[in-house]
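One structure is given here, and the rest of the page talks about it.
The values are calculated or read from the model by the stated rules, or taken from the named source; none is laboratory data. Just so it is clear, the structure is predicted and the values come from calculations on it, not from any experiment. Glycine also receives a Cβ, built like all others from the backbone with ideal geometry; neighbour counts cover every protein chain displayed.
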Amino acid sequence: MRREETNWYSERLHEHMPLATWGHDGWPVLMLPTAAADYLEYERFQMIDVMRPWIDGGKIRVYSVNSVNNRSLMNRRASPEVRIELQKRYDSYLIEEVLPFIRNDCRGYATAHPMVMGISLGGYLAANTFFKHPELYAGALLYSGTYDIKNYLRGFYSDDVYFNNPMDFLRSMSNGPELDSLRNGKKSIILYSGQGDFEAPDRTRSLSNLLNAKGIKHALDLWGHDVNHDWPWWRKAIEHHLHWIAP
């Protein structure tokens with residue numbers, strides 16, 4: 001299995017941002033880490049091992065990057081204004097730096113619009129970039145996520161919060177190119193959550209209800225009350241969903 005690492009200095013984030021790649025061909029999958037974890041988290045927790053048959057078979061190639069959650073949403077010493085500014089810059093980093101890297105690496109591959117995936121707080125990151133820029137992504141795998149970040153911001157609200165809070169900007173999204181792109185039925189959107197310890201399935205249900213209200217097709221996949229917020233279940237889920245989207 002091809003495995004490579006690279007990094008570059010991001011002028012948007014003012015730090016070096018590493019990126020890891022697994023695979024030689026196929027549909028790109030961009031994976032965003034949980035909480036304050038790093039770009040190798042998915043490898044450490046054996047998600048890449050579970051995905052290996054699809055990677056080795058040339059069906060997918062996987063890209064993983066760092067987040068800035070430890071400097072933004074999870075940084076209690078930073079003001080809400082600084083936190084949301086960093087989230088805005090992070091989304092710009094994904095769109096203006098990471099996606100061009102992926103397109104170049106795929107060398108014009110027909111499906112160079114990636115699927116984006118995130119777990120827990122990474123689910124928020126994935127939902128935010130996907131629903132803001134649906135024309136640039138082929139779909140989203142959103143696992144055990146939170147999709148409303150106002151609780152991280154101590155009551156602060158601004159246009160930047162609105163435009164980086166999926167439950168707000170989706171609710172207000174009116175007819176236009178973005179909604180048309182989401183409604184065309186060609187994107188794979190999977191919302192997954194367990195219902196056991198430390199899971200919050202109501203957050204996933206709320207996002208599903210909002211997508212239904214907007215006429216956006218998706219799969220709501222809620223697992224049982226024994227399914228908790230932990231890696232063994234996320235590994236089972238990704239194997240299950242890869243059979244759906246990359247058989």
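Quick test for you: out of Pro53, Pro100, Pro134, pick the one residue that is under 24 Å from Lys150 (Cα atoms) and not aliphatic (A, V, I, L, M).
Only one candidate passes the filter, namely Pro134.
What residue, among those in segment 205-247 that are among the β-branched types (Val, Ile, Thr) and part of a helix (DSSP H, G or I), is surrounded by the fewest Cβ atoms within 10 Å (Cβ to Cβ)? Applying the filter and picking the extreme gives Ile245. For segment 228-244, the set of residues classified as within 18 Å of Gly122 (Cβ to Cβ) and either among the hydrophobic types (A, V, I, L, M, F, W, C) or free of Cβ contacts under 8 Å to residues at least 40 places away in the same chain (or both) consists of Asn228, Asp230, Trp231, Pro232, Trp233, Trp234, Lys236, Ala237, Ile238, Leu242, listed by residue number. Between Tyr39, Tyr63, the distinction of being assigned to a strand (DSSP E or B), surrounded by 13 or more Cβ atoms within 10 Å (Cβ to Cβ), touching a residue at least 12 places away in the same chain (Cβ under 8 Å) and among the aromatic types (Phe, Trp, Tyr) belongs to Tyr63 only. Counting only residues that are at pLDDT below 95 and aliphatic (A, V, I, L, M), which one in segment 103-123 is surrounded by the fewest Cβ atoms within 10 Å (Cβ to Cβ)? So the residue we want is Ala110.
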